[in-house]
Amino acid sequence: MMKRVLLTGAAGFIGFHVAKALHARGDLVIGCDNFNSYYSVELKKERAAQLEKLGIQVHLLDLKDKAAFDTFLNASRPTHVLHLAAQAGVRASLTHPQSYIDANITAFLNILEGIRQHPHIPLIYASSSSVYGNNEKVPFSETDRVDNPASLYAVTKKCGEQMAAVYHHLFGLHVTGLRFFTVYGEWGRPDMAYFSFVDKILKGEPITLFNHGQMERDFTYISDIVDGVLKSLDLSAPHEIFNLGNNRPTPLKRFVEIIEQATGKKAQINYLPMQQGDVLRTYADISHSQQMLGFQPKTGLEEGIPRFVEWFLSYNNLTNKGL
């Protein structure tokens with residue numbers, strides 16, 4: 001049966017790919033985005049233009065405006081709400097804390113309050129691996145305590161999970177939180193390391209590795225994330241949290257080697273101490289997602305990074321500018 005999915009953050013990286021996948025399988029997507037300037041608005045507009053070609057409209061909407069969201073929700077008549085909009089980025093939360101409170105807590109409250117009036121509508125929302133902070137136990141499991149965040153961004157994501165849990169408990173809302181682990185791929189975010197590393201290495205500019213490169217990340221390719229999102233949407237459990245990660249952490253130095261191989265250029269590397277807000281490693285235990293969703297990531301960095309580099313070169317040739 002066709003779903004009517006209200007998708008927030010439709011012009012964002014993950015939202016764009018999810019919208020295309022929902023459309024491809026026959027679901028109706030009602031998209032919205034506020035097109036904020038945290039990173040290239042032009043890139044967001046390009047994504048929205050690609051969706052427009054498929055007949056998916058991305059409406060301009062600021063989720064901090066409760067009345068505007070309520071109106072949009074009522075007019076959309078969705079069967080599901082997929083909330084992928086957020087103020088992303090760990091480091092910027094140290095310098096612009098208010099925007100994280102506004103986008104990740106206030107806006108999320110407006111969504112919960114809106115759906116509270118329509119409790120039959122399941123809510124699937126984006127959380128983050130950042131909630132695990134500097135947990136020393138690996139891999140990170142959904143049953144681990146997550147009360148040691150390393151950044152305000154992580155605090156806002158943990159707060160969102162708790163808010164959703166309370167609305168499930170008090171008002172019976174169906175809520176599913178998705179903890180994404182370092183998502184990368186085509187049409188990605190320019191503020192993320194893989195994007196800026198490829199850009200700088202191709203330009204012959206130096207890149208920076210913090211903690212002298214002694215960190216690991218569980219890089220997860222976008223198509224695997226999309227698969228997990230759609231399966232979570234189809235399940236629409238009463239109350240769940242799922243890790244969506246690759247389950248294979250990669251040392252940053254090996255990550256750079258893979259980019260070097262894909263670009264055919266050697267990186268110039270500056271090594272610096274650990275930066276505030278960063279964590280040493282991320283590593284997803286996906287056994288719960290495997291059991292409940294049949295989630296099984298298929299794409300490793302050796303395959304995913306060359307795909308991204310190919311897109312990056314193509315996109316920059318088309319637009320004739322860097323991002």
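None of the figures in this text is laboratory data; all of them are computed from the coordinates on show. Please read these numbers as outputs of a predicted model, since none were measured by experiment. Note that we place each Cβ from the backbone using ideal geometry, even for glycine, and neighbour counts take in every protein chain shown.
Quick notes on this one:
- Enclosed volume per residue, in Å³, of the convex hull spanned by Cα atoms of the range 136-291: 123 Å³
- Computed from the Cα positions only, the extents of the chain along the three principal axes stand at 55, 45, 38 Å, in decreasing order.
- The charge dipole of the chain, taken about its Cα centre with unit charges on the Cβ atoms of Lys, Arg (+1), Asp and Glu (-1) only, comes to about 300 debye.
- Separation of the range 165-188 and the range 254-314, taken as the distance between their Cα centroids, equals 22 angstrom.
- Considering only L94, N110, V131, the residue lying farthest towards the positive end of the dipole of the range 35-155 is N110, judged by Cα position with unit charges set on Cβ.
- Burial order of peptide ranges 1-12, 73-84 (average beta-carbon count within 10 Å, highest first): 1-12, 73-84
- Antiparallel DSSP beta bridges within the range 183-310, as percent of all bridges there, nearest 5: 20 percent
- Residue pairs exceeding 27 angstrom between C-alpha atoms, taken from K44/K157; K45/K200; K200/K231; K53/K203; K66/K231: K200/K231; K53/K203; K66/K231.
- Those chymotrypsin sites (Phe, Trp or Tyr not before Pro) in the range 147-192 that DSSP places in a loop and that have at most 14 other beta carbons within 10 Å: none
- Leading residue at positive end of dipole, the range 7-67 (Cβ point charges), from A19, T8, Y38: A19
- Computed E for D65/M192 - FRET, C-beta separation, R0 25 angstrom, nearest 0.05: 0.35
- Considering only H169, I201, F140, and ranking their Cα positions along the charge dipole of the chain that arises from unit charges at the beta-carbon of Lys, Arg, Asp and Glu, the one farthest toward the positive end is I201.
- Magnitude of the charge dipole for the range 203-244, about its Cα centre and with charges confined to Cβ atoms of Lys, Arg (+1) and Asp, Glu (-1), is about 160 debye.
- I269 paired with A165, simple spin-label distance in nm, labels 7 Å along Cα-to-beta-carbon: 3.9 nm
- Segment S40-D234, length gained on full extension (0.36 nm per residue, minus Cα span): 66.6 nm
- The angle between the Cα long axis of helix 193-203 and the longest principal axis of the Cα atoms of the chain comes to about 40 degrees, rounded to the nearest 10.
- Dimensions of the range 87-223 from C-alpha coordinates, computed as largest minus smallest value along each principal axis and given longest first, are 55, 32, 32 Å.
- Overall, the range 56-194 carries a charge dipole of about 60 debye about its Cα centre when +1 sits on the Cβ of Lys and Arg and -1 on the Cβ of Asp and Glu, all other atoms neutral.
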